[in-house]
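Bear in mind that the values in this text are calculations on the coordinates, not laboratory data. Not measured: the values here are computed from a predicted model. Cβ atoms come from the backbone with ideal geometry, glycine included; neighbour counts cover every protein chain shown.
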Amino acid sequence: MNCRSFYHTGQPVASEGMVRSAGGKISSVGDQATGYHRWQFWLGVARLALTVGLLAVFLLTGATLSLRRWAEAGGHPLWLQVAELFLILTIALRLVSAPLTWLAGYWLPRRVGLLHQPFWRWALDHAKAVALSGILTLAAAEVIYALLSVTAWWWLWAAAVFFAGSAVLAMVVPLVIVPLFYRLTPLGEGELRERLLALAARVGVPVVGVWVVDQSRKSRTANAALTGLGRTRRILLFDTLVQGFTPDQVETVLAHELGHHVQGDVRRALLVQSALTLVTFWVADGLLRLGGRPLGFTGPADPAGLPLFALIVVALGVLALPLANGYSRWVERRADRFALSVTRNAEAFIGAMERLAELNLAERSPHPVKEFFLFSHPSIERRIARARRFASAEGRVVAQSGAV
């Protein structure tokens, strides 16, 4: 989906200022960020291990074979067998990982001050996200198994279908998906709105308007995004960004987002994603044929092989993570350069980065290995350092900011 944002590391982020650690001790933001992200990392590892373990149990015990035989005995067609097995696997995975999901998504962010919405609102948002993800993933599974059952070239056709689906999703995100989770209000007439629309027009990116997202109902974090394609493209600003940043800073954040569209990053991202999907499906095809029969499957299109297919996709996703994140960091560096070149305001860029790091409890200088594997954006310190070098090359001096 086309919903890149100015600030994101690939990891959850949290609150500003002096905050309490999980043990209740007051600590600096830098120490708190390190601790918070360390906890999130290990919780993520635990969820991954649980997912792999449960899929392996279904696979090695023959549970899905028994379920498929039961469905066949009832005369269920292929699409219904896929749906039944998918729902059983999904419900089992959600139940097993529910405690970790609560810890990582609710308890820990609230503990460090990220979230301030009540549990029932968080649970409602989570339920909507799970339902949406489930519908899209089930649709993907139905397409894959339908193609598996009719052609040996299913992986090529499935990749083409997924490419088309990704393009459609990119168009409908601001119209259908974002409103499921946020209230969007058009930014009122005034200097900021005119300034942002003028910037978009100046760089040749038409937008249908500027909307404010009510993020402050849920969190203190600030961000911005340019979502949609063509006639659905619109600027989204968190209300925390509008209220807590100067117009110069908001403008440089938007300039970064516009850079993705001007430089063709959105189209390129769709192509890169499609290439990774194609390779994943091609490898999955070979592994399904190789491992299916020893496990008792009738062939690659046997719905009982759903856990195997899921394990293959998870494994390839983990292996591709450094490549995908490395590409993403390169794209983000180019967008940063575009923002600096268009606005000629390195001071505003650096001010925005400093403020975002504070609000979002960013890891400013992660270990290079961690950044290489896990960060979809360059670290805060790298982005600020590049902005200072840009300012120096322009013959300007930007005051050193204090550490957050």
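Just want to confirm a number: the relative contact order over segment 19-393, from Cα pairs under 8 angstrom separated by 6+ residues, in percent.
On the way: 418 pairs, mean separation 71.7, N = 375.
Worked out over segment 19-393, it gives 19 percent.
How much length is gained on full extension from Gln263 to Thr298, taking 0.36 nm per residue of separation minus their Cα-Cα distance?
7.8 nm
Which helices pass in the chain if a helix is a full DSSP H run, must span at least 18 angstrom along its long axis by Cα, and must have mean Kyte-Doolittle hydropathy not below -0.5? Write out the running numbers ahead of the final one.
Numbers: long enough: 29-60 (45 Å, 0.86); 78-102 (34 Å, 1.56); 119-148 (42 Å, 1.13); 154-172 (27 Å, 1.82); 247-262 (22 Å, -0.27); 265-292 (38 Å, 0.83); 306-343 (50 Å, 0.93); 346-359 (20 Å, 0.61); 380-393 (20 Å, -0.56).
Once both thresholds are applied, what remains is 29-60, 78-102, 119-148, 154-172, 247-262, 265-292, 306-343, 346-359.
Please list the non-local residues whose amide H lies under 5 Å from the amide H of Leu115, H modeled 1.01 Å from N, same-chain partners needing a gap of 5 or more.
Sorted by chain and number, the residues that satisfy this are Arg110.
At 0.36 nm per residue, minus the direct Cα-Cα distance, what do Leu319 and Ser216 gain on full extension? Give it in nm, one decimal, please. Provide the component values of the computation, followed by the final result.
Numbers: separation 103, 0.36 × 103 = 37.08 nm, distance 3.61 nm.
Net length gain for the segment: 33.5 nm.
Starting from the Cα gyration tensor of segment 64-211, take the square roots of the eigenvalues, sort them a ≥ b ≥ c, and report rounded, prolate or oblate (rounded when a/c is under 1.5, otherwise prolate if a/b is larger than b/c, else oblate). The partial results should precede the final answer.
On the way: a/c = 3.45, a/b = 1.49, b/c = 2.31.
It is oblate, given that a/c is not under 1.5 and a/b is not larger than b/c.
Can you tell which of Gly113, Gly296, Gly105 shows the greatest fluctuation in a Gaussian network model of the chain with Cα springs below 10 Å?
Highest fluctuation of the listed residues: Gly296.
What is the extension gain from Glu142 to Trp102, computed as 0.36 nm multiplied by their sequence separation minus the C-alpha to C-alpha distance, in nm to one decimal?
Details: separation 40, 0.36 × 40 = 14.40 nm, distance 2.96 nm.
11.4 nm is the gain from fully extending Glu142 to Trp102.
Using modelled backbone amide H atoms (1.01 Å from N, in-plane), which distant-in-sequence or interchain residues come within less than 5 Å of Thr227's amide H?
Arg234, Leu236
Distance in nm between label sites at Leu80 and Gln117, each 7 Å beyond Cα in the beta-carbon direction?
Each label point is offset 7 Å from its Cα along the Cβ direction, giving 3.7 nm.
With labels modelled as points extended 7 Å from the Cα through the Cβ direction, what inter-label distance (nm, one decimal) is found for Leu124 paired with Trp153?
4.9 nm
Out of (1) 38, 22, 19; (2) 49, 26, 19; (3) 40, 24, 20, which label holds the value of semi-axes √(5λ) of the Cα gyration tensor in Å that was computed here?
Derived directly from the coordinates: (3).
I want to check the label-to-label distance for Ala46 and Val272. Put each point 7 Å from Cα in the C-beta direction and report it in nm to one decimal.
3.2 nm
To the nearest 500 deg cm²/dmol, what mean residue ellipticity at 222 nm is calculated for the chain from DSSP H runs of n ≥ 4 alone, each contributing -39,500 (n - 2.57), summed and divided by the residues? It would help to have the intermediate numbers written out before the result.
Values: 15 runs with 260 residues, N = 404.
That comes out to -21500 deg cm²/dmol.
With the cut-off at 1.5 for a/c, could you classify segment 264-404 from its C-alpha gyration tensor as rounded, prolate or oblate? Don't jump to the answer; show the numbers that get you there.
Numbers: a/c = 4.39, a/b = 2.78, b/c = 1.58.
Prolate.
If I take R0 = 30 Å and measure r between the Cβ atoms of Trp330 and Trp282 in this structure, what FRET efficiency does the formula 1/(1 + (r/R0)^6) give, to the nearest 0.05? Intermediate results must be reported in sequence, preceding the final value.
Numbers: r = 25 Å, r/R0 = 0.83.
The pair Trp330/Trp282 has a calculated efficiency of 0.75.
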